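Okay, so here's the structure we're looking at.
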Amino acid sequence: MSPSEKVMKTEIIKVNKDNPDPVVITRASEILRSGGLVAFPTETVYGLGANALDIDAVEKIFLAKGRPSNNPLIVHVATVEDAKKIVASWSDEAELLSRRFWPGPLTMVLPKRDIVPENVTGGGSTVAVRLPSHQVAHDLILASKVPVAAPSANRSMRLSPTTADHVRKSLGGRIDMIIDGGPTLVGVESTVIDLSRNPAVLLRPGVITPNEIESVIGSIALLGSGDQAKDGAMKSPGMMKKHYSPQAPLDCVEGELDIKEILQLHQGERIGILKYQSYTPISRDDVVCIEMPGSARKYASRLYAALHTLDEAGVLKIYVEMPPDGEEWMAVRDRLRRASAK
Ligand code: TXA
Ligand code: MG
């Protein structure tokens, strides 16, 4: 059976997010060990896992997602010792950052060891490693006894999943199993920092901010953020400008949205609005207006769910009232900018 066609039976099993049933975890780990694909919750978004040391299993990830083969995957581990087994050198920076932020939403890019197959790294000489804090992810990786390559569990170029149902809608019929551990908490993908360069380079902003990283390892370079470096965004494989996108075109608007003007412009059209500032109910059935939280962490945790909701409502256009430009908003603004890229 080919994961590129919707022909497989996808088993979906609910677990307690803090104390997953070991029987389910064992079953899922056996699927991974025998070369299958399992979607599982992490603290950021759901991942689509395969045995990172099995070239054929990793290939199935690219087929199921429709992902370009030059876009490398993050390898997930359950212990720092296991991270060291897949990298060629564990730098002082890696040691310090892992002590401070692991387990958690930080991915470190380091020189790879030969045992890591080329399709994991997009043919490159570095590998991205992450030690997630989610109990389900941790138990699954530990039980599988192999490093687990896991991109976000969505079709390529689409929104990342923050619930098992998001995964089912996009990959149901293409993968072996989905472990449903409820909605994820962080909501945006991990911060990616490239430690193979000097100084280290921020490739993707996440909830762990540049300041937090700099407080541990000193100055880093900021590339790859949709806001900060429009060209730099292409310097990392997979850091495409357009990414994380809803179906409808999305406009990022700085400052307060002129709701009246928007409604006039789209009479009789189904549109979506993400409101950041004060919210006044809109009395039109064809307008889906979602009030977003004022705190950056909460906004991040709800962002993809809100965009999935607008996708499902079949809106023709999305207007986003942008949150402010401070460091804590970097990840959210980056994902919104990418979602708006043509
Ligand atoms: O939070 C996350 O990181 C989630 C969960 C499942 O862990 N995973 C995730 O994976 O977002 P994915 O594949 O959707 O995004 C991984 C990003 C891509 O932009 C990829 O290009 C980059 O990390 N990446 C992976 N390996 C790399 C490498 N060796 N060098 C540079 N960038 C790399
Ligand atoms: Mg992704």
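The values are calculated or read from the model by the stated rules, or taken from the named source; none is laboratory data. Small disclaimer: the values here were computed from a predicted structure and weren't measured. Note that each Cβ is placed from the backbone with ideal geometry, even for glycine, and that neighbours are counted across all protein chains shown. Heavy atoms of the whole protein, side chains included, go into the accessibility calculation; ligands, DNA and RNA do not. Shrake-Rupley method; radii C 1.70, N 1.55, O 1.52, S 1.80 Å.
Scanning the range 59-104 for residues that are over 24 Å from Glu214 (Cβ atoms) and among the polar types (S, T, N, Q) gives Ser69, Asn70, Asn71, Thr79. Flag set for Ile193, criterion: crowded, with 24+ Cβ neighbours inside 10 Å, closer than 21 Å to Val109 by Cα and either under 17 Å from the mean Cα position of the chain (by Cα) or more than 13 Å from ligand 1 (Cβ to nearest atom) (or both).
Here Gly182 passes the criteria (1) among the small types (Gly, Ala, Ser); (2) in contact with a Gly (Cβ under 9 Å, 6 or more places away or on another chain); (3) surrounded by fewer than 21 Cβ atoms within 10 Å (Cβ to Cβ) except the one numbered (2).
Checking each residue in the range 107-153 for being part of a loop (DSSP other than H, G, I, E, B), under 13 Å from the mean Cα position of the chain (by Cα) and either within 13 Å of Asn71 (Cβ to Cβ) or more than 10 Å from ligand 1 (Cβ to nearest atom) (or both) picks out only Pro151. Which residues, taken from the range 28-44, are within 9 Å of ligand 1 (Cβ to nearest atom) and either among the basic types (Lys, Arg) or open to solvent by 10 Å² or more (accessible area, probe 1.4 Å) (or both)? Glu43 - this is the single residue of the range 28-44 that is within 9 Å of ligand 1 (Cβ to nearest atom) and either among the basic types (Lys, Arg) or open to solvent by 10 Å² or more (accessible area, probe 1.4 Å) (or both). The helices (runs of 4 or more DSSP H) located wholly in the range 234-342 that include 3 or more residues which are in contact with a Leu (Cβ under 8 Å, 6 or more places away or on another chain) and under 21 Å from Lys169 (Cβ atoms) occupy 296-312.
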